[in-house]
Amino acid sequence: MTAMKRNVIGSLQKVRLAVKTRRRGMYKGARASNQLGASLEFSDFRMYQPGDDVRQIDWNVYGRTQKHYIKRFLDEQELNVALILDATQSMQVIDSKWQRAKELAAAFSYITLSGEDRLSFFPIAARDTIGFTRKGSIYSKSVYKEIIQISHQESTGSFIELLKPHNLRNIQVTIIITDGLEEAVKYEALLKSLVMLKHEVKFIQLLSKQEIEPELNGDLKLIDSETAQSLNVSLHASVLERYKQRLRAHNKSLEETCKRFAIPYLFVTDSMDLQEFLFHDCRVRGVLR
């Protein structure tokens, strides 16, 4: 593991998902719920985790065991978190973009598991990559590594077509990582269906620098990475400017849709500093705390 990754993981241990939902899972976790009447009812102890309130440490237990434990109460229940990674060809075709997508998915998975919550990971459209469910901090490092090591996969179909919201029942929080390059109305329908299921959604749009500022010119054949359809075009300054205008308008439409559904919208590129995005931007937008 590189020093960079060790630094990121060390910082990830200090943050938690910021949530508003009052719907909780059936099982005990490390997150205090908003339920009334049980907050003082003692259940058992659990090991201290980085980020926990040190005031909750039971020093009597420490005196006997030389280990840090905190008291757990019956209203400390887990969140069921779904992390949905767009693994279609449009995400994988640019190496730096795909790497950043995996880094983001790995980071949010680590944060979820470190908080003793339940993670369901769905790499959508990756034909040979199967999703999984894990619970608890014991899996945080192995899941981080597993996601980072996902290789390029053959995939077919579009992200929204292959994502089935009805498979996401009993989920409280859904984190979506996608390039958002399908029609805005399709994303609107997807987000509406998740809100109808009472999910608390976090939407992260990831684009590459190459997609935002393409360095192309002349006569080219462009091939859609997902449909394999081709188009002969003659690229010059005015065409590229129209492309940039349409992309900005599309991204703005996604942002407005998220705003309408009270969903945090975050925009990130493969050239942005990862730690700045995670530990500043995500906190400012109320995704992490």
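Details
- Selection of segment 151-183 for residues being exposed (fewer than 14 other Cβ atoms within 10 Å of the Cβ) and either under 20 Å from Asn251 (Cβ atoms) or charged (D, E, K, R) (or both) yields Glu154, Lys164, Arg169, Glu183.
- Residues (crowded, with 22+ Cβ neighbours inside 10 Å and acidic (Asp, Glu)) located in segment 184-210: Glu200
- Count of residues meeting criterion [among the small types (Gly, Ala, Ser) and under 16 Å from the mean Cα position of the chain (by Cα)] in segment 164-210: 1
- Scanning segment 81-121 for residues that are modelled with pLDDT under 95, part of a helix (DSSP H, G or I) and in contact with a Gly (Cβ under 9 Å, 6 or more places away or on another chain) turns up just one, Ser114.
- Filter pass, Leu119 being in the same structural domain as Ala189 (by TED's automatic domain parsing), more than 22 Å from Met272 (Cβ to Cβ), without any contact (Cβ under 8 Å) to a residue 40 or more places away in the chain and hydrophobic (A, V, I, L, M, F, W, C): yes
- Screening His166 on (1) within 23 Å of Gly131 (Cα to Cα); (2) touching a residue at least 40 places away in the same chain (Cβ under 8 Å) shows it passes everything except condition (2).
- Ile138, sole failed condition from (1) assigned to a helix (DSSP H, G or I); (2) surrounded by 18 or more Cβ atoms within 10 Å (Cβ to Cβ): (2)
- Against the test of being over 20 Å from Ser11 (Cα atoms) and of a type in the set (Gly, Ala, Ser), the options Gly115, Gly131, Gly136 yield a single qualifying residue, Gly131.
Per-residue answers, yes or no, for (1) modelled with pLDDT under 90; (2) farther than 20 Å from Leu162 by Cβ:
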{"site": "Glu182", "(1), (2)": "no, no"}
{"site": "Gln210", "(1), (2)": "no, yes"}
{"site": "Glu215", "(1), (2)": "yes, yes"}
{"site": "Leu220", "(1), (2)": "yes, yes"}
{"site": "Asp224", "(1), (2)": "yes, no"}
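- Matching residues in segment 264-289 - criterion: being outside any strand (DSSP E or B) and in contact with a Ser or Thr (Cβ under 8 Å, 6 or more places away or on another chain): Asp270, Ser271, Gln275, Leu278, Phe279
The values are calculated or read from the model by the stated rules, or taken from the named source; none is laboratory data. These numbers come from a predicted model, not from an experiment. As a convention, Cβ positions derive from the backbone with ideal geometry for all residues, glycine included, and neighbour counts pool all protein chains shown.
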